[in-house]
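A short worksheet on the structure shown next.
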């Protein structure tokens, strides 16, 4: 049996697409993936999503979105999409456990995973002082000393942004030169709140009572190990869009983000749409992702309707 639409991935984009598609009587099937709810499941309080003046926990927001989609008839199945066949319709989606689904259209909402340092203590303290989003979490570090790890434009931008809240921001970078553009470097270097620890490798995130207390580093030239005291650690070493399962069948940017047609969520494959962070290398916010989820569902509805006229001409 072929579905009208399958949504691959969840998070704010996938759940919003499911809500709109379900309310359009498309009876969407949502493949949740290994991490249902996406990156917000690793977040504590979310204060910048409209409608919650007293904040809401990330997992609670995702659970509420899922229940709302289910209320209108969206169906959810747990499983990781391993590959797809987009060579003909209905499209086929292959799940890691061997299950196969077919659909007339697809909405891809698999997100982009923040690259992590993969050092001891980091995973345990995500959401408890370790963050990958300055815009999301900067306010929680008002008048505190924090560290930003990274050397590219994103790291400079996040460090500069965080000086609005923090008393001091230290940039730690593995190399003795930055990868960031000159204008972004100059902006950071001219900020009196920003300190620098260059040519140093992070070794371990230290914590106490479920809060970050320090970052252990090794100075590459001297091999000296030092602990930098901090109350927060922002990892800004890039994101990796979750598009490997598409096996190159959908057009992407050079770094893997899905390309959509201007002012739509359409990809280069008719009937395949993209929303959320998997197609957004710039904003990466819950609210912007939700907006594109809405657009994707509306685009799918209109596209499926147009196909009826093509297949059944008057």
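The values are calculated or read from the model by the stated rules, or taken from the named source; none is laboratory data. Being a predicted model, the structure only gives us computed values, none of them experimental. Because the Cβ atoms are built from the backbone with ideal geometry, glycine has one as well, and the counts that use them run over all protein chains shown.
Just a few scattered comments:
Rundown of residues vs (1) in a loop (DSSP other than H, G, I, E, B); (2) out of contact with any strand residue (DSSP E or B) (no Cβ under 7 Å at 6 or more places or on another chain); (3) surrounded by fewer than 19 Cβ atoms within 10 Å (Cβ to Cβ), yes/no style:
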site	(1), (2), (3)
104	no, no, yes
107	no, no, no
110	yes, no, no
138	no, yes, no
148	no, no, no
174	yes, no, yes
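- Scope segment 208-236; condition buried (at least 18 other Cβ atoms within 10 Å of the Cβ) and within 22 Å of residue 136 (Cβ to Cβ); matching residues: 212, 215, 230, 231, 232, 233, 234, 235, 236
- Given (1) surrounded by 15 or more Cβ atoms within 10 Å (Cβ to Cβ); (2) closer than 30 Å to residue 216 by Cβ; (3) in contact (Cβ under 8 Å) with a residue 24 or more places away in the chain, index of the condition residue 26 fails: (2)
- Extreme residue, modelled with the lowest pLDDT, among residues of segment 156-179 that are farther than 23 Å from residue 136 by Cα and touching a helix residue (DSSP H, G or I) at 6+ places or on another chain (Cβ under 9 Å): 179
- Taken over segment 62-87, the residue count meeting the criterion of being assigned to a loop (DSSP other than H, G, I, E, B), surrounded by fewer than 16 Cβ atoms within 10 Å (Cβ to Cβ) and either in contact with a helix residue (DSSP H, G or I) (Cβ under 6 Å, 6 or more places away or on another chain) or at pLDDT 95 or above (or both) is 2.
- Test for residue 118: is it within 30 Å of residue 208 (Cβ to Cβ) and touching a residue at least 24 places away in the same chain (Cβ under 8 Å): no
- In segment 17-61, the residues that are at pLDDT 95 or above and either within 14 Å of residue 76 (Cβ to Cβ) or not assigned by TED's automatic domain parsing to the domain that holds residue 292 (or both): 17, 18, 19, 21, 22, 27, 28, 29, 30, 31
- Flag if residue 180 is surrounded by 20 or more Cβ atoms within 10 Å (Cβ to Cβ), touching a residue at least 12 places away in the same chain (Cβ under 8 Å), closer than 15 Å to residue 151 by Cβ and over 25 Å from the mean Cα position of the chain (by Cα): no
- Residues of segment 180-225 that turn out to be in contact with a helix residue (DSSP H, G or I) (Cβ under 8 Å, 6 or more places away or on another chain) and assigned to a loop (DSSP other than H, G, I, E, B), as a count: 4
- Flag for residue 59 being over 20 Å from residue 266 (Cβ atoms), surrounded by fewer than 19 Cβ atoms within 10 Å (Cβ to Cβ) and within 16 Å of the chain's Cα centre (by Cα): yes
- Residue 273 vs. criteria part of a helix (DSSP H, G or I), outside the structural domain of residue 132 (by TED's automatic domain parsing) and touching a strand residue (DSSP E or B) at 6+ places or on another chain (Cβ under 9 Å): no
- Criterion violated by residue 199 - all others in (1) free of Cβ contacts under 8 Å to residues at least 40 places away in the same chain; (2) on the phi > 0 side of the Ramachandran plot; (3) assigned by TED's automatic domain parsing to the domain that holds residue 17 satisfied: (3)
- Condition met for residue 125 (surrounded by 18 or more Cβ atoms within 10 Å (Cβ to Cβ) and within 24 Å of residue 298 (Cβ to Cβ)): no
- Residue 210 under 30 Å from residue 168 (Cβ atoms) and more than 23 Å from the chain's Cα centre (by Cα): yes
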